[in-house]
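Note sheet for the following structure.
The values are calculated or read from the model by the stated rules, or taken from the named source; none is laboratory data. Remember, it's a predicted structure, so these values are computed and weren't measured experimentally. Here the Cβ positions follow ideal geometry from the backbone for every residue, glycine too, while neighbour counts run over all protein chains shown. To get the accessible areas, we keep the full protein, side chains included, count just its heavy atoms, and leave off ligands, DNA and RNA. Shrake-Rupley method; radii C 1.70, N 1.55, O 1.52, S 1.80 Å.
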Amino acid sequence: MVKGVKILERKFCDIEKQLSAFIAFVDTFVEDDKEVLSFKLSQFDRLNAKYESVKEEIFTSLSGLEFNNFDGKITTCNEHIEKLEVRLKSLNLKYSKNNNETGSNAVSNVVKPCFRLPELSLPQFNGDIETWFIFKEQFKEIIENCGLNDKQKLQYLQSCLIGIAKHVQTVDDTYDSLFLALEQRFENKRLIINKHINALLMLKYEKFRGDSNVELRNLVDTCTKHLRALKLLNIEHNTFSELLLIQLVMQVLDTETKRLFEMTLESTDIPKWDDFLAFLNKRCLFLENLPSAGTKGKQNFKDSPRHKSFILHTDANVDKKM
């Protein structure tokens, strides 16, 4: 296994070096670099696929102690990849627009064709204040770095609003006016923070099946979603909040999962949330590879009474003969 760990370390080190090169490219980007943007995006997609493959190999093949060497690195890489994807696509959108405008000017100085963004899934907002800050960050990062005019940005913003958010009214028919109206309606920071914290506190009332990878994955995703939203609001977790959150989640875990987590703790040191989250992710992968585990247990339970009934029936027949 030591040899396998060394191979994974080399693979991960190579990925980290390539990510650093992408970060340097974006941070030092100049207009002359626009010619290689499409090529860089293709390279980035391949690197992302490679990273996901190596990450899955780490989750499925390493023990708890071996995995600890990668835990912090995986968290950092996830953050870098998410930010790089947004920044690279934003740059590509911006210079795609400039190229379209240059081509149209060569044909006519008067008539300019309507500019259309390349295909990219924009986030949607339905009026749920818990998701407002996530929507705001993603939408602004993509749209406001593309060099669009006010009317184009307004149209894209309107297309992303659904539900009650779609009915927000403004005095002026402008992008800034609509965004301000949305902020005034949904950007209640204190209420949003309270909702995310209450959602985490309510985890202790959840009913959870220990052999269900789907339910465990939902539990992990729920925690991650609310913690990420709180981080966007500049609410960082500390040692106390991490311990509290671990205890809340432990209350809904089954006995076997709790026992396995305790076995990963090699001393009396205080567990960290990132380590706990990494364990839960690894547990999810294990359960996914055993889809019939829960079914098998239920079948044995159902078969048990039948076997007992058969023995009693046989004993009764013997008694009658005697």
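May I ask which residue of Leu216, Thr170, Ile270 lies farthest towards the positive end of the charge dipole of the stretch 130-276, with charges of +1 (Lys, Arg) and -1 (Asp, Glu) on Cβ and the Cα centre as origin?
Result: Thr170.
How would the stretch 128-211 be classified by its alpha-carbon gyration tensor: rounded, prolate or oblate, with rounded meaning a/c under 1.5 and the a/b versus b/c comparison settling the rest?
It comes out prolate by the Cα gyration axes.
Out of the chymotrypsin sites (Phe, Trp or Tyr not before Pro) in the stretch 1-73, which ones are loop residues according to DSSP with at most 16 other C-beta atoms within 10 Å?
Counting only loop positions with at most 16 other Cβ atoms within 10 Å, the chymotrypsin sites (Phe, Trp or Tyr not before Pro) in the stretch 1-73 are Phe29.
Size of the dipole of the stretch 15-99 about the Cα centre, Lys and Arg at +1 and Asp and Glu at -1 on the beta carbon, nothing else charged, in debye to 20?
The calculation lands at about 280 debye.
Go ahead and collect, in residue order, the members of the stretch 219-245 whose backbone nitrogen is under 20 Å from a label point 7 Å along the Cα-Cβ direction of Ser267.
Within reach of a label on Ser267: 239-240, 242-243.
Go through the stretch 207-284 and name the chymotrypsin sites (Phe, Trp or Tyr not before Pro) that are in a DSSP coil and have 16 or fewer other Cβ atoms within 10 Å of their Cβ.
Phe208
As a quick test, which of the pairs Lys140/Lys282; Lys140/Lys189; Lys50/Lys89 have an alpha carbon distance above 30 angstrom in this structure?
Listed pairs above 30 Å: Lys140/Lys282.
Give me the number: length gained by fully extending Thr28 to Thr170, i.e. 0.36 nm times residue separation minus the C-alpha to C-alpha distance, one decimal in nm.
47.2 nm
Explain nothing, just the number: relative contact order of the stretch 146-224, from Cα pairs under 8 Å at least 6 residues apart, as a whole percent.
18 percent.
Which three numbers, in whole Å and largest first, are the semi-axes of the equivalent ellipsoid of the stretch 170-225 derived from its Cα gyration tensor as √(5λ)?
Equivalent ellipsoid of the stretch 170-225: 37, 14, 7 Å, largest first.
Using alpha carbons only, what's the Rg to Rh ratio of the stretch 183-265 with Rh from Kirkwood?
Answer for the stretch 183-265: 1.03.
Which order do you get for Ser121, Ser241, Ser90, Ser53 if you rank them by accessible area with a 1.4 Å probe, largest at the top?
Ser121, Ser53, Ser241, Ser90
Identify all aspartates and glutamates with a Cα-Cα distance to Lys83 below 17 Å; exclude those on the same chain that are fewer than 8 residues away in sequence.
Glu16, Asp27, Asp45, Glu52, Glu137, Glu141, Glu144
Reachable aspartates and glutamates from Lys17, Cα under 13 Å, same-chain residues fewer than 8 places away excluded?
Of all the aspartates and glutamates, those that pass the test against Lys17 - Cα under 13 Å, at least 8 places apart if same chain - are Glu9.
Taking the stretch 1-91 on its own, what percent of its Cα-Cα pair distances exceed 15 Å?
60
Go ahead and run the numbers for FRET between Ile129 and Lys83, Cβ-Cβ distance against an R0 of 25 Å, rounding to 0.05.
0.55
How large is ³J(HN,Hα) for each residue in the stretch 36-44, as worked out from phi by the Karplus curve 6.51 cos²θ - 1.76 cosθ + 1.60 (θ = phi - 60°), to whole Hz, x for Gly and Pro?
Taking θ as phi minus 60°, the curve returns 9, 4, 4, 5, 5, 4, 5, 4, 5 Hz for the stretch 36-44.
Quick one: accessible surface of Asp128, probe radius 1.4 Å, all protein chains present, in square angstrom to the nearest 10.
60
How would you rank 158-164, 216-222, highest first, on the average number of other Cβ atoms within 10 Å across their residues?
216-222, 158-164
Going by accessible area, probe 1.4 Å, with all protein chains left in place, what is the ranking of Leu285, Leu47, largest first?
Accessible-area ranking of Leu285, Leu47, largest first: Leu285, Leu47.
Calculate one ³J(HN,Hα) per residue across the stretch 175-186 by plugging θ = phi - 60° into the Karplus curve 6.51 cos²θ - 1.76 cosθ + 1.60, and present them in order as whole Hz with x for glycine and proline.
5, 4, 5, 5, 5, 5, 5, 5, 5, 5, 7, 10
How many angstrom separate the Cα center of the stretch 150-200 from the Cα center of the stretch 54-85?
Here the two parts' Cα centres lie 35 Å apart.
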